[in-house]
1. Per residue of A:242-254, how many C-beta atoms from partner chains lie within 10 Å of its own C-beta, taken as a mean?
2. Take the Cβ-Cβ distance between A:Thr138 and A:Tyr18 as r, set R0 to 30 Å, and report the resulting FRET efficiency rounded to the nearest 0.05.
3. Using the number of other C-beta atoms within 10 angstrom as an exposure proxy, rank A:Glu57, B:Glu201, A:Glu297 with the fewest first.
4. Compute the distance in nm between two label points, each set 7 Å from the Cα along the Cα-to-Cβ direction, one at A:Leu312 and one at A:Tyr265.
5. Any idea what angle helix B:34-57 forms with the longest principal axis of chain B, computed on alpha-carbon atoms, 0 to 90 degrees, nearest 10?
6. Taking Cα centroids, how far is region B:134-202 from region A:19-64 in Å?
7. Nothing charged except the Cβ atoms of Lys and Arg (+1) and of Asp and Glu (-1): what's the magnitude of the dipole of chain B about its Cα centre? Round to the nearest 20 debye.
8. Using +1 on the beta carbon of Lys and Arg, -1 on that of Asp and Glu, and nothing else charged, what's the dipole of the protein assembly as shown about the Cα centre, debye to 20?
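Readers should treat all values here as calculations from the given coordinates under stated rules, not as data from a laboratory. Here the structure is a predicted model, which is why all the values come from computation and not from measurement. Here the Cβ is made from the backbone with ideal geometry for all residues, glycine too, and neighbour counts use every protein chain on show.
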Amino acid sequence: MLKTSISPHIHSPQNIEYAMRNVLIAMVPALLASVYFFGVRALWLEIISILTAILAETLMQLLLRKPVTVSDGSAAITGLLVAFNMPPNIPFYVPVVATALGIIVVKQLFGGLGHNIFNPALVGRVFVMFAWLPEMTTWNVPLHPDWIRHFNLFHINLDSITSATPLAVNKLQGMSALVSQFGSKTQLYLQSFLGNTGGCIGETSELAILIGAFYLFSRKVIWPTVPFVYIITVAVLTALMGQDPLFHILSGGLFLGAFFMATDYVTTPMTLSGSLVYAVGLGLLTVILRLKSGLPEGVSFSILLMNGLTPLIDKLIRVRTYGKQSKRGRDHE
Amino acid sequence: MSRWNELTKGIIKENPIFFIMLGLCPTLAVSTKVIYGIGMGIAATFVLIGSNIFISLIRNFIPDKIRIPCYIVVIATFVTIVDYILNAYVQPLHKALGIYIPLIVVNCIILGRAEAYAGQNTVLNSILDAIGMGIGFTLAITLIALIREILGSGTITLQMLGYGWVWEVPVKPMTIMVLPPGALLTIGILMGIINHFKQKEK
């Protein structure tokens, strides 16, 4: 299916190790933010998930008698992404099961890196979400570890301890309850952007995610098209639905999903126009799930659904070979 | 020897679920508890034996062009018998299996055996074939139900109408395993394992 364009080609230093190493570096700010806001337990969750991923990948590749490629770092990324998608108080077996399922079933059984239809980390997360729903939706956040009192870099209001994610509060009690909880709208936006809200450990700090994302853009590991089109679509649609667009893009897993999961090479369309369709679809599904479904958040489900549509998008939207005439911009083969 | 072969081929070598991949609909739907799997297996086996006998008996009188409607009439008769018997004597099972009892009429294992086997073979062979296929189906659906119930509910239920036991398994129940995705995941992985060993044999 992958079509190489007509020569000349430019040699690029990028390979799998280069891309994966850079993605791992780009996830460090979010990792630091998770430890800063949720304490050492967040770090333990992340370490355990990464170790599970590496172990599962090695075991599966040995079992299937394939070359062991765990050093390329893709397994570690899956593990870290699973940990980022866990609530802070989750029992440790939940990320272990999620990571193992993602690596063993979704990645290795489908043929390893490059053959998985769905994002392994997200399938793992959605699986444990429906396996242990109470654990996955309990947000009794020990929001401020002690050192925040000593290193209160952003002058965080230490009294605002949240019990539910802002999106859940918005869904159940409305925007006004949320604003009164944070004091003012500006505070709400600011704290959401910094990451001082309830939520999964890696998703709350949009600032940290953005730092990592711009590092990836500067290294040309990912392209900004999908994330920004996705976020803009969510903003426009929530505004049309009469919701607060700024609040919606700064809450939940939108930034984490848009920059680190919707940009996965394997499960996203290959052409530019294909990615646009993909990104708008993501935005549309996220808004529908957030506003019209029973759950407060829908980023994971949107990305998985659009992962499933990616082969179809790639089939319908193809690169036209230069100089070849075709009806309606499509070539039928 | 060949008679014995007719009987045993349905259990492993031509297992209707794992090798012919027929009858997946009830397999996926009712395999949430071990006892439901066994119940479904027995119900389907009864229908299979009855319809195989009758179709084999009348195979020379059925006009070729309308053979499928004729098979359906025979099968539906036995399904109605099963439906009423379960409703009368084993109501909890009847309630649990629900719509999947009438749907045995269009279960591809039964229609498939009628079309592929009973319509061309003697009565005795058809009975042996039906018993083998029925056991194969029951074993497969029970295996899937066992895995799903242990992981999804943390129990093993072998209890009906107050008889039998329920075992507790020290597992943190994963709700998703008793939902449809758990069924598809279980059957997919089992089929993968079986195909892996089948390829090794060759």
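1. Per residue, the average neighbour count from other chains is 0.
2. For A:Thr138 and A:Tyr18, the calculated efficiency is 0.15.
3. So the residues, fewest neighbours to most, are B:Glu201, A:Glu297, A:Glu57.
4. 2.7 nm
5. Once rounded, one gets 0 degrees.
6. First find each Cα centre; the distance between them is then 32 Å.
7. Charge dipole of chain B: 280 debye, to the nearest 20.
8. With only Lys, Arg, Asp and Glu charged at Cβ, the dipole is about 1220 debye.
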